[in-house]
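Heads up, the thing below is written out as structure tokens.
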Amino acid sequence: MKSGELHSYGRCLFNKFCGFDKVIITKSLSKKLIDYVSEEIYTYFNKDNKKYYDSLAALEKRLFFFISSTSHAPSLDVEDMVNLKNDQTNKIFKNLPNNNIKLGYYIVEALTNRALDSMDENSSLYKLYKSGSRFSKAQLARSAVAIGYSADADNVVIPRPIKTSLLEGLSEEQYFMVAPATRKSIKDKSRHTPNSGYLERTLVMALSMIEFDLDDCETNNHLEFIVMSNKHAQTLVGKYHRDPNSTDREWKVLDLKTAIGFINRKIEIRSPMTCQNPNFKICKKCFGEKELKTKYVGIVAGQCVVERLTQLTLRTFHESGRANLPTDVEILKFFEDHLVDVETDESGTTLIFDNDSFPEKLITNQNPLIYGLTQVSNNKLIFTQDKSSIKNQDVIAVVNTIKNILKQGDVFQPIEDYYSNLMAAILEVGTIYSSFIEILLANMFVVDYNNKLFWRYHQDQTPTYKLGDKRLAAYISSRIGLLYQPNKNTIENISLDELEEIDQKNLTIYEKIYLGQI
Ligand SMILES: [Zn+2]
């Protein structure tokens, strides 16, 4: 370095990392200057290829070390990750059953929760994890706890779990076992993202005629169903409800505490599916007390439901085909709090707990949630193998279930069942305000197909046909159908009379845009 020249410490260090004995690179660096740096190095070493490549390799190594060993970048402390698992957890994982998916899945989930809950709150890992911007629970679990169960290309769960984490490394055998799952996740991302994108487009257009209109349609029509779970109860908060067992017939806004009291019981709610607001619109009371800044509630509902699915479809890529199975909260909590050891041999798997107050659901013989229980002795449960093949319940399976429920066809079950099934599927991936789900089904049921009589306005009759997401818009109005999908089907089905009589008061948002009114 020439005397009298002053450079910052960082600049000197970088030039040293490049292998220079003086400061050559003085610009502040950015991604765009990669070529410039590389050329300077090439020139400095007199265009000697070997020296040039060695210098680049050394630079990479030094920068990597610098970034990961100093506080200049938020970094994961490997020590923290190693400490996630204690000796007991390690031992249990080694003894995971190879032949009972459900049982093994509960153990993996419970121990993962236990490991993550015991994380030191001051560690950088905890801060990064809780910030929510870095990695999901599934990703952290795969990296530092255990890979666990994955699904193959047909989305069937592979019976043998991977008992180690990426941090500990995989054996050759494990590597090849997990490879199909990784391939599946790459395939899923490219194949299914357009699928949910298309569903969003279809729903948004098909539901575009559902707008807020009256404040209260004053109907007494309602949906009556059983509140399935805590999550389901949460989605109902804000709806107008009645207790079918109460003599009080007033519609009241539902709060969380009351909603939870309805779990496993019947509730009556005002719903967009039974709203009597004319012209396929809905009243605010049937929607419930949820603030919405627009009146185009149908469009919001379509987006709200599918946006979640699209995001989750994209995210499956990061989880590399990790199996996702429904678990029972009570059983999982019992495993998490009380499982102390697992022993496996050829005859089966013995689970040892620190007490014997097993949840009834776990030890029952009728429709057990975990198959293969052969013996309960004091604080031990002995399971045999369970060879049944299990389908992975990932978001793609959920999207397919939802699409099947929304398909057009004959109505073969009570209306409430369509709602409950759709809700159950969506609850697998998150909680969405119940009215948004009801809006999807609001104008779908028809009692007389030829005369276009909708069940919503003829609830004394039995619905016979369900329109489905694609048929919905076109069936209600030729105009919307033509705007939305100008294809062979809509053109052939078009009613010319309908096209001529435009009712200026009842245009949907797309018709208004088309006519230049927005
Ligand atoms: Zn209403």
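Here is how the numbers come out for the structure above:
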| item | result |
| --- | --- |
| Flag for Tyr53 being surrounded by 15 or more Cβ atoms within 10 Å (Cβ to Cβ) and at pLDDT 90 or above | no |
| Candidate set from the stretch 253-279 (those that are over 17 Å from Asn443 (Cα atoms) and among the small types (Gly, Ala, Ser)); member that is nearest to the ligand (Cβ to nearest atom) | Ala259 |
| Any helices (runs of 4 or more DSSP H) falling wholly within the stretch 417-500 and containing at least 2 residues that are surrounded by fewer than 21 Cβ atoms within 10 Å (Cβ to Cβ) | 468-476, 478-484, 488-492, 496-500 |
| Residue count, the stretch 208-233 (criterion: within 16 Å of the ligand (Cβ to nearest atom) and either more than 18 Å from Leu254 (Cβ to Cβ) or part of a helix (DSSP H, G or I) (or both)) | 9 |
| Considering residues of the stretch 280-309 that are among the β-branched types (Val, Ile, Thr) and within 15 Å of the ligand (Cβ to nearest atom) only, the residue farthest from the chain's Cα centre (by Cα) | Ile282 |
| Test for Lys184: is it outside the structural domain of Lys295 (by TED's automatic domain parsing) and basic (Lys, Arg) | yes |
| Glu319 among the charged types (D, E, K, R), within 20 Å of the chain's Cα centre (by Cα) and either assigned by TED's automatic domain parsing to the domain that holds Ala397 or away from the ligand (no atom under 16 Å from the Cβ) (or both) | yes |
| Residues within the stretch 93-128 that are touching a Phe, Trp or Tyr at 6+ places or on another chain (Cβ under 8 Å), aliphatic (A, V, I, L, M) and under 30 Å from Ser389 (Cα atoms), tallied | 7 |
| Residue list for the stretch 318-335, restricted to those being buried (at least 17 other Cβ atoms within 10 Å of the Cβ) and of a type in the set (D, E, K, R) | Glu319, Arg322 |
| Condition check for Asn245: buried (at least 17 other Cβ atoms within 10 Å of the Cβ) and assigned to a loop (DSSP other than H, G, I, E, B) | no |
| When residues of the stretch 336-378 are limited to those that are at positive phi and surrounded by fewer than 11 Cβ atoms within 10 Å (Cβ to Cβ), the one nearest to the chain's Cα centre (by Cα) | Asn367 |
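The values are calculated or read from the model by the stated rules, or taken from the named source; none is laboratory data. Quick caveat: nothing in here was measured; it's all calculated off a predicted structure. For neighbour counting, all protein chains shown are included, and Cβ atoms are generated from backbone atoms with ideal geometry for every residue, glycine included.
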